[in-house]
Structure formats: structure tokens, C-alpha cells
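Peer 1: Structure provided below as C-alpha cells; questions to follow.
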Amino acid sequence: TTPWLKVDPSMTLTRIGVGSCLGQNQPQPIWEGILRLEPRPQLFMMVGDSVYGDIKSPGAKELVQAYRDQAARPELAKARQAMPFLSMWDDHDYGSNDASSTFSQKTNAARLFHDFWQMEPERPVEQGIYYAKTYGPEGRRVQVIMLDTRSFRSPLKRKPKDDKAKGRYVPDDDPEKTLLGAEQWAWLGERLREPADLRVIVSSIQVIADGHRWERWGNLPIERQKLYALIASARARNVVFLSGDRHRAGLYRLTTDGGAALVEATSSSMNRSFDDPEETGPHQVGPMFGANNFGLIEIDWDARIATISIRDEAGTARRATAIALASGP
């Protein structure tokens, strides 16, 4: 198979693409819009559901076939020869819708994930597939933290049967439940203390978003508060969350109790959007965008500004927000 391109760790990143929810059996015209960008992204991040291969059989043949079909897509083949990729899974490349740590096929899925993306796991795959990368020189360092929100996550609390609102889940204050697991939490704390000028934290499920009953960090509010507290205690500044999963796109902003200004961009889906953007939440910046989309981070290092936009299939910006990059760690 064609090798995936690698990013030179010393490269100064100024344009990073992001996408999720890429059906292997649907056309993928969005790659043309991405590759037409001038300049084109130096790195493209798939933040979940890069295939839909829900496993029904012991040998995970459905997920194997999904990756084969995705590898055969000419649009993706062209993109992978044009720019480097980083990836993290969500539920459908993990192997089961909304699956948690109890999913029996997660080790099989992890091996298939690493094979497809030609990645060397940093630890035995049954211990989670999270990882981090840092790019660029001092003063222009971009740290990418890829969180594994599947391998360790406790099962979510289902909403009562008489609850007629859309979605499946309600917040659960059980202090025993976890989203990342003890080892990944400890690892994240160490990564947040490393020097960086822009920190991009990838979570396949939404972090800041409230106001809906699908998967999100808000379903385990103690864990979300722990995340915000960890960012504050590490004095990690210039944090941008990237998420997918929702088959619609949105931008979010939140100032935490500790005073940290956090931004999130949810980009979803690349070719399976529901085209139903009607949703509002307390931290949402403007309306959601319902058509097929991808995200773009543009960094102006001289002006110390990062602009995060949601782009349509043609590459036109439809939503955007910006953050000023504070100096320091």
C-alpha cells in the first residue's frame, strides 16, 4: 500500500486541516476542496470515524473490510499522497456505536487502526492508543494531544424511558466512572506541562458542548471538570479542542472557573452529514453548520493569532473564530 506521508517535527505549522466521519462507501468530493486550498494544509487530522466498520463477527471482518474499502477510495489515495495525516478513533473505527471500555473487540480494532495508519503503537495496544506530537521551533511550537476516549471510558447513563428529548444519555455524577482511565489521565498531566505555543487537544467526542443528549464529556461532568482543572493547574495556555462525532459542525467557547479561555471546533461529517444543524447550547458560537464539512486551523505566528474555521465541501469558510496566542508555556 502507498505509505502515508510523515510530518517533519521541526516544521513550523501554519495550516492544519481536521475532519471526521468519513464513510468508505460514499463519494468523497470534499478532498478536492481541501487539496485546492492555497496553501494546502501541512497536516490533516482525522479525529474519529475514519471508517464505519461496526463489528458483528469474532474475527472483526467487518472492520477489516471497511479499511480495505477506504484504502481503495481514489479521492483519499490522492489526499494521502498530498499531505501527512494524524488520526484517532471514535466509536465506528473502534468497532461499535457509542462503545465504551467493555467492548470485547477493542484490541483487534486497535491493531487494525495502527495497520491502516501505518503507526507504531507507543505501548501495548490493549493499554490504549493515545499519543502526542510536538512540531516546530521554540516560540512556534504546536503540540497535538490525541486522547483515546474509548478504551477506558465507563458506560454512560441512559436517559429515562419517559424522556422524549433527542439523544440517549444524561449526566452521571458517579465519582467511580472515568473517561480516560488513570494511566491516560497521568500521561495527559505530563503532556500539558510540556512547552507549547498552541495546544491542540483532540477528543473524538465533544468537550465543551452542552445542550444535547448524545455522547459528550458533559455526560461525565466530574471528569470534564477534572480536565479543566488539569489544564489550569498545568498553566497550559492557548488550548484548542478538536472533536467530531456529531455529523454536524460547530464552534464553542468557554471561560472556566479558573479563568482559562477554551475554544472547541467540532468538524463532522466529511461525507455523511445529517444536514440538520438545529441545535443550541450555552457555549455555542453562532449556529451549527449542517452540510458536509472540514475544519481548518490557520496560525499567524507573527500576529500571534490562530483562526479556526469550519469549511464546506468546496473549501469556503462558513463559520470561524479566533484566539490570540498568549506568550509563555
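The values are calculated or read from the model by the stated rules, or taken from the named source; none is laboratory data. Remember, predicted model here, so these are calculated numbers, not experimental data. Please note: Cβ atoms are built from the backbone with ideal geometry, for glycine as well, and neighbour counts cover all protein chains shown. Accessible surface is based on the protein model in full, side chains and every heavy atom, while ligands, DNA and RNA are left aside. Shrake-Rupley method; radii C 1.70, N 1.55, O 1.52, S 1.80 Å.
Peer 1: Cut-off under 27 Å on the C-alpha distance; same-chain residues fewer than 8 positions from residue 78 excluded. Which lysines are left, in chain and number order?
Peer 2: In chain and number order, the partners are 6, 61, 133.
Peer 1: Roughly how many debye, to the nearest 20, is the charge dipole of the range 178-329 about its Cα centre, given +1 on each Lys and Arg Cβ, -1 on each Asp and Glu Cβ, and no other charges?
Peer 2: I would put it at about 260 debye.
Peer 1: Right, something else. Run down the lysines and flag those whose C-alpha is under 26 Å from the C-alpha of residue 164, throwing out any fewer than 8 positions away in its chain.
Peer 2: Within the straight-line cut-off, residue 164 pairs with 177.
Peer 1: FRET efficiency for residue 163 and residue 26, Cβ-Cβ distance as r, R0 = 35 Å, nearest 0.05?
Peer 2: The calculated FRET efficiency here is 0.60.
Peer 1: What do the square roots of 5 times the Cα gyration tensor eigenvalues come to for the range 203-267, in whole Å, largest first, as semi-axes of the equivalent ellipsoid?
Peer 2: So the equivalent ellipsoid measures 20, 13, 9 Å along its semi-axes.
Peer 1: Using a 1.4 angstrom probe on heavy atoms only, work out the carbon and sulfur share of the accessible area of the chain in %.
Peer 2: Carbon and sulfur atoms account for 51 percent of the accessible area of the chain.
Peer 1: Sticking with this structure for a sec: If the cut-off is 21 Å between C-alpha atoms, which lysines fall inside it for residue 56, apart from same-chain ones fewer than 8 positions away?
Peer 2: Hits, sequence-local ones excluded: 106.
Peer 1: Past the 23 angstrom mark, what percentage of all C-alpha to C-alpha distances in the chain do you count?
Peer 2: In whole percent, the share of Cα-Cα pairs in the chain beyond 23 Å is 55.
Peer 1: Per residue, how large is the accessible surface of the range 127-188? Use a 1.4 angstrom probe and give square angstrom.
Peer 2: Accessible area per residue, the range 127-188: 48 Å².
Peer 1: Right, something else. How much of the DSSP beta bridge set in the chain is antiparallel, as a percent to the nearest 5?
Peer 2: Looking only at bridges with both residues in the chain, the antiparallel portion is about 60 percent.
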